[in-house]
Structure formats: structure tokens, C-alpha cells
Amino acid sequence: FVLMAFFQVLQLTMLTEPLNALLTEITGFIPQILGAAALLFLAWVVASVLRKLVGISLSAANVDERLGAEGESDAVPVSRTVAEAVYWLVFLLFLPAVLGALQLEGLLRPVQGLTDQLLGFLPSLFGALLIGVIGWFIARLVQRIVTNLAAAAGLDRLAQRLGLDSLLGTQKLSRLAGLVVYILILVPVLVSALNALQLEAVTAPASQMLAQLLEAIPRLFAAAVLLALAWAVGRLVAELLTNLLRGI
């Protein structure tokens, strides 16, 4: 503005006209900058509040302890990861409005398309997460029930009598049975979660794998029964032969 006044006093119209046009554009763009700054400030406030609420909620639910994130020095807590994701997601949702306030059409269109795709994908993502969480909870519950029932039925004592302790090591047979049931429940849950995401490139091979696994379960069970019977008969014959040779 001082330069404008200086050149006007000198009546240098060749310099004052482009400077006047530049100042007009700058002053006309100031409200847009202020609007974009206000939107960014609002986005920061909303994102910070949501990040704090999500972090507190997940910490209160002991998500890190249940998912095993606690106790590992180099592991990032799950609650912190989810809170940061929510924080930046809010900024991404506010980004089209900020670009629209600045009237940057060249950047607004691709960003708006990305945001629309993301918003269209969020229901599928939430559905997949809901299926995964519920399925995981059910699998963990059934695992504990099967483990306790197997231990109460004397499966661990049977393993000791059959001499399976050397094969299992520190793992108990009841816990192994619960783990097998946990995996058998969790695999279909994961496939269902992938189906909810509508990712055919991933769900098609996963569904085929699940079908093959379910078809193989009866054969695996029969093979396990045969191996257990063979092990028991072999131990019995070995003891009889040992006693016979000792008597001789």
C-alpha cells in the first residue's frame, strides 16, 4: 500500500495498475483464507476431542491388555493407533470443505472423490470389525469352556497315563483342545469379516481355504483317533513285553 501511494504521487501509472490489480486479488482472497483457517481450527478441535475420547474409552476397556499390546517395549498400543487413525480421519473429512473455501477446484475434485469412496467403504469396514470382534469374543469364550471341560473330564491325566507329556512339553492337552476349537471358530469368522469388506480378491481364496479345511476336519479327527489308539496300544504292548522280558 505504501508503494502504491508512492507511485501514485510520482504518477507512474505503468507501475500502479499491476500493483493495484495484485492488491485487489490479495484482499479478495483474504476472506477465503480466513474461512479455510477457521475450518482447519474446527477440524483440529473436533479431531483432538475425538482422539482423547477414543483413547480414554479404549484404555478403560483394557483393549491393549486383551490384545497383548501391553508388556512389549517396541509395540505401539492399539488404543493409541486407533485414536490417531480417528484424528487424521477427521482432518481428511474436513479437507474438501477447506479446499472448497479456498476455491481450489483442481485439488477439490480428486480429494472429494477419495472422501466419497472412503465414506462409502466405512460401513463395510465397521461391519467387518463388528463381525471380527463378536467372533473373537465367542471363540475366546468357547475356548475357555472347552479347556475347562477337558481339564475337568481328566484329559490331562489321560495324557500323562499315555505318556504324551514328552510330546506336549509344557502345553497341556486340555489347552491344546481349546486352542484347536478357538482356531476352528475364528477362521470362519475371519472369512465372514473379509466377505463384509467385499474384497473378492481376498475373500475368494480365503473361502476356498475354509471349504478345504472344513472338508479335511473329519479326516483329521479320524487320523487323530487312529494315532491315539495306536499310541495307547503301543504303550500297552511295550509294557507287557517289558514285564515279560524282565520275568524271563
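The values are calculated or read from the model by the stated rules, or taken from the named source; none is laboratory data. Note that the structure is predicted; figures quoted are calculated from it, not measured. Reconstructed Cβ throughout: ideal geometry from the backbone, glycine too, with neighbour counts over all protein chains shown. Surface accessibility is based on the protein's heavy atoms, side chains included, excluding ligands, DNA and RNA. Shrake-Rupley method; radii C 1.70, N 1.55, O 1.52, S 1.80 Å.
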Note to self: Just want the answer: with Cβ charges of +1 for Lys and Arg and -1 for Asp and Glu, which residue in Pro31, Leu19, Ala222 is farthest toward the dipole's positive end in the chain?
What the structure shows: Ala222
Notebook entry, point to check: Using the alpha-carbon centroid of each, what span in Å lies between the range 3-62 and the range 223-238?
Noted result: 79 Å
Item checked: Cα-projected label distance for Ala228 with Ile183, points at 7 Å along beta-carbon direction, nm -> 1.7 nm
Notebook entry, point to check: Round to a whole number: what % of the accessible area of the chain belongs to carbon and sulfur, probe 1.4 Å?
Noted result: 71 percent
Check: Once both axes come from the Cα atoms, what is the angle between helix 78-102 and the longest principal axis of the chain, in degrees from 0 to 90, rounded to 10?
Finding: 30 degrees
Check: If packing is taken as the mean number of other Cβ atoms within 10 Å per residue, what is the order of 172-180, 237-245, 201-209, highest first?
Finding: 172-180, 201-209, 237-245
Item checked: Accessible area of the range 137-246 divided out per residue, in Å², using a probe of 1.4 angstrom -> 71 Å²
Checklist line | Over the chain: helical MRE at 222 nm, DSSP H runs n ≥ 4 each giving -39500 (n - 2.57), nearest 500 | finding: -31000 deg cm²/dmol
Next item on the list: Determine ³J(HN,Hα), in whole Hz, for all residues of the range 17-33 in sequence, where each value follows from phi through the Karplus function 6.51 cos²θ - 1.76 cosθ + 1.60 and θ = phi - 60°; x replaces Gly and Pro.
Entry: 5, x, 5, 5, 5, 5, 5, 5, 5, 5, 5, x, 8, 4, x, 5, 5
Item checked: Net charge dipole size for the range 118-248 [Lys, Arg +1 and Asp, Glu -1 on Cβ; Debye, nearest 20] -> 460 debye
